[in-house]
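Student: Input: one structure, supplied below.
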Amino acid sequence: MARALTLAASVIIFSFGFVLLFGAPYLPTMKRQVKVAIKLANLRPGQVILELGSGDGRVLIAAAQAGLNAIGYEINPLLFLYSFVRTRRYRKQIKVVLGNFWSQSWPKCDAIYVFLLPRLMSKLEKKIRSEGLTKVTVISFAFKFSDLTPVDEAQGIFAYRLK
Ligand SMILES: C[S@@+](CC[C@H](N)C(=O)[O-])C[C@H]1O[C@@H](n2cnc3c(N)ncnc32)[C@H](O)[C@@H]1O
């Protein structure tokens, strides 16, 4: 029993800890701010929102409930599994991908949602430009791009257009 608990604890610590090598640790957007983020994206039903680091899937679910299609990348295998199961109800609209979003080619989308870290914002801007996604609306929880002015903001969430 003690060995099983130690193993379970190690898996959890590893899953949440190794993420620090690649990006932001897990901290979910608060529920009322999820709604604000979706509103700031200003999308029409059927449009696509990409979430980089989709955590427990709450933003993906809120997006689907608003009639959007949502794609989330999540590197933490436990959060991936949890969000995969949790979003099954909306499987026609939501796709969750296990992996490091920095090393993927991103799909065509109309908005991007992130809750990262200040030090990752300029890397994010470069990646968005290299993916040719400068026309999308980028919604960032808490953290700003140092060289861009938000087109909108509410409750500590910022909306950007890179063009
Ligand atoms: C601050 S949390 C935000 C979670 C979710 N976006 C939300 O707002 O509720 C950051 C999430 O990004 C994930 N993450 C960090 N770096 C990543 C990477 N390079 N690729 C995929 N997921 C990553 C973490 O595991 C974590 O779930």
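The values are calculated or read from the model by the stated rules, or taken from the named source; none is laboratory data. Owing to the predicted nature of the structure, the values given are computational and were not obtained by experimental measurement. All Cβ positions, glycine included, derive from the backbone under ideal geometry; neighbour counts span all protein chains shown.
Student: Taking the range 52-84 on its own, how many of its residues are among the aliphatic types (A, V, I, L, M) and touching a strand residue (DSSP E or B) at 6+ places or on another chain (Cβ under 8 Å)? Spell out how you get there, then give the answer.
Tutor: First pass over the range 52-84, keeping only residues among the aliphatic types (A, V, I, L, M): 52, 59-64, 66, 68, 70-71, 75, 78-79, 81.
In the following step, the residues that additionally are touching a strand residue (DSSP E or B) at 6+ places or on another chain (Cβ under 8 Å) were identified as 52, 59-61, 63-64, 68, 70-71, 75.
So the answer is 10.
Conditions (1) over 19 Å from F158 (Cβ atoms); (2) of a type in the set (A, V, I, L, M); (3) out of contact with any helix residue (DSSP H, G or I) (no Cβ under 6 Å at 6 or more places or on another chain), marked per residue:
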site: A9; (1), (2), (3): yes, yes, yes
site: R32; (1), (2), (3): no, no, yes
site: I61; (1), (2), (3): yes, yes, yes
site: A70; (1), (2), (3): yes, yes, no
site: V85; (1), (2), (3): yes, yes, yes
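Student: Has the range 26-40 got any residue that is surrounded by fewer than 14 Cβ atoms within 10 Å (Cβ to Cβ) and at pLDDT below 85?
Tutor: Keep residues of the range 26-40 that are surrounded by fewer than 14 Cβ atoms within 10 Å (Cβ to Cβ), which gives 27, 30-32.
Now narrow it down to the ones that are at pLDDT below 85: none.
No, the conditions are met nowhere in the range 26-40.
Student: Select from the range 130-146 the residues that are in contact (Cβ under 8 Å) with a residue 12 or more places away in the chain, part of a loop (DSSP other than H, G, I, E, B) and either over 12 Å from Q33 (Cβ atoms) or β-branched (V, I, T) (or both) and list them in ascending order.
Tutor: First pass over the range 130-146, keeping only residues in contact (Cβ under 8 Å) with a residue 12 or more places away in the chain: 131, 133-146.
Filter once more, so that each one left must be part of a loop (DSSP other than H, G, I, E, B): 131, 133-136, 142-146.
E131, L133, T134, K135, V136, F143, K144, F145, S146, listed by residue number.
Student: Now for a different question. Please find, within the range 42-57, the residue that is nearest to the ligand (Cβ to nearest atom) out of those that are surrounded by fewer than 24 Cβ atoms within 10 Å (Cβ to Cβ) and closer than 22 Å to L120 by Cα.
Tutor: Taking the range 42-57 first, the residues surrounded by fewer than 24 Cβ atoms within 10 Å (Cβ to Cβ) are 42-48, 55-56.
Imposing the further condition that a residue be closer than 22 Å to L120 by Cα reduces the set to 55-56.
Working: G55: 3, D56: 6 Å.
Residue satisfying both the conditions and the ranking: G55.
Student: To continue, here is another question. Condition (residue is at pLDDT below 95 and at negative phi) applied to the range 120-131: is it met by at least one residue? Please lay out each step first, then the result.
Tutor: Initial filter on the range 120-131 (at pLDDT below 95): none.
Scanning the range 120-131 turns up no residue that is at pLDDT below 95 and at negative phi.
Student: Do any helices (runs of 4 or more DSSP H) entirely within the range 1-87 hold 3 or more residues that are without any contact (Cβ under 8 Å) to a residue 24 or more places away in the chain, and if so, which?
Tutor: Working: elements: 2-17, 31-41, 58-65, 77-86.
Output list reads 2-17, 77-86.
Student: Let me ask something else. Can you tell me how many residues in the range 147-161 are more than 17 Å from the chain's Cα centre (by Cα), part of a loop (DSSP other than H, G, I, E, B) and of a type outside the set (S, T, N, Q)?
Tutor: The total comes to 4.
Student: Give the range 72-105 a look and list any residue that's more than 12 Å from the ligand (Cβ to nearest atom) and within 20 Å of K127 (Cβ to Cβ), or say none.
Tutor: K95, S105
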